[in-house]
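One structure is given here, and the rest of the page talks about it.
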Amino acid sequence: MASDSKPEGSMLWGGRFTGGLDLLMDILGSIAFALANAKSGIITQEEFEKIREGLLEVQKEWDTDSFTIISGVDEDIHTANERRLGEIIGKNIAGKLHTGRSRNEQVVCDMRMWLRDELRKIDEHLVSSLKLIAARAESEIEYIMPGYTHLQRAQPVRWSHWMLSYGLAFASDLDRLRETIKRANRSPLGCGALAGNPFNIDRDMMAEELDFEGLLWNSMGGVADRDFVSEFL
């Protein structure tokens, strides 16, 4: 990632560039929001296409490590992307991207998308582990091992039985994880800063575009909620 200087702690949101960058989520969310604004007639289809193409160009710069962060101007990932978009397609069109959108909903949307995708990766690892445990337990069912209580050998047990005790634990973890994914995978787009969107944009369409399973139905709760993060932790 190119930069003309080190990000400062006094920047908006406390120097957000010092942590992980949810750049892909920010760009995908912006494209979905622009599409909804085009559907509502807030921007033209031609303007949407330019915004989409510009954002994809911004993403390409991040991917190739050629994006330049400008200290004192780029306060966080969101303002950096919007500034660069204006340079690529012109500020008159780029400035319409944020019409009707609050930074509150934008930030929490990125968080929910990122966490959802990471949880799905953990889901895949757990499923792979469970399959391996089941296969080993079946193929090695004849093996006997000592079972322990109070750090002392107590009874003989099958090796497969011991392995499947971890299978039971991981299966329970998987159930809890999938419940967490369901609660995290709800779209806040359209909630605005706290009181919704004044332009009657299609929230369901944005949710579908971003692979959310549903909507957060209360705008205040939608932008304020971080329970989905603490639940995962």
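One line per residue, one yes/no per condition, for (1) closer than 17 Å to Leu210 by Cβ; (2) of a type in the set (A, V, I, L, M); (3) out of contact with any helix residue (DSSP H, G or I) (no Cβ under 7 Å at 6 or more places or on another chain); (4) part of a loop (DSSP other than H, G, I, E, B):
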position	(1), (2), (3), (4)
Glu47	no, no, no, no
Glu53	no, no, yes, no
Leu119	yes, yes, no, no
Ser128	no, no, yes, no
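Note on the stretch 189-207: among residues that are among the hydrophobic types (A, V, I, L, M, F, W, C) and under 14 Å from Ala34 (Cα atoms), the one that is surrounded by the most Cβ atoms within 10 Å (Cβ to Cβ) is Leu189. Only residues that are closer than 14 Å to Leu97 by Cα and buried (at least 19 other Cβ atoms within 10 Å of the Cβ) were counted in the stretch 59-83, giving 4.
For residues that are free of Cβ contacts under 8 Å to residues at least 24 places away in the same chain and of a type in the set (Lys, Arg), scanning just the stretch 75-91, find the one that is farthest from Glu105 (Cα to Cα). The qualifying residue farthest from Glu105 (Cα to Cα) is Lys91.
Results for (1) farther than 25 Å from His125 by Cβ; (2) outside any helix (DSSP H, G or I), shown as yes or no for each residue.
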{"site": "Phe170", "(1), (2)": "no, no"}
{"site": "Leu174", "(1), (2)": "no, no"}
{"site": "Arg178", "(1), (2)": "no, no"}
{"site": "Ala193", "(1), (2)": "yes, yes"}
{"site": "Phe199", "(1), (2)": "yes, yes"}
{"site": "Met205", "(1), (2)": "yes, no"}
{"site": "Val223", "(1), (2)": "yes, no"}
{"site": "Val229", "(1), (2)": "no, no"}
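Each value in this text was obtained by applying a stated rule to the coordinates, not by laboratory testing. This one's a predicted model, so the numbers in the text were calculated from it and none came from an experiment. Reconstructed Cβ throughout: ideal geometry from the backbone, glycine too, with neighbour counts over all protein chains shown.
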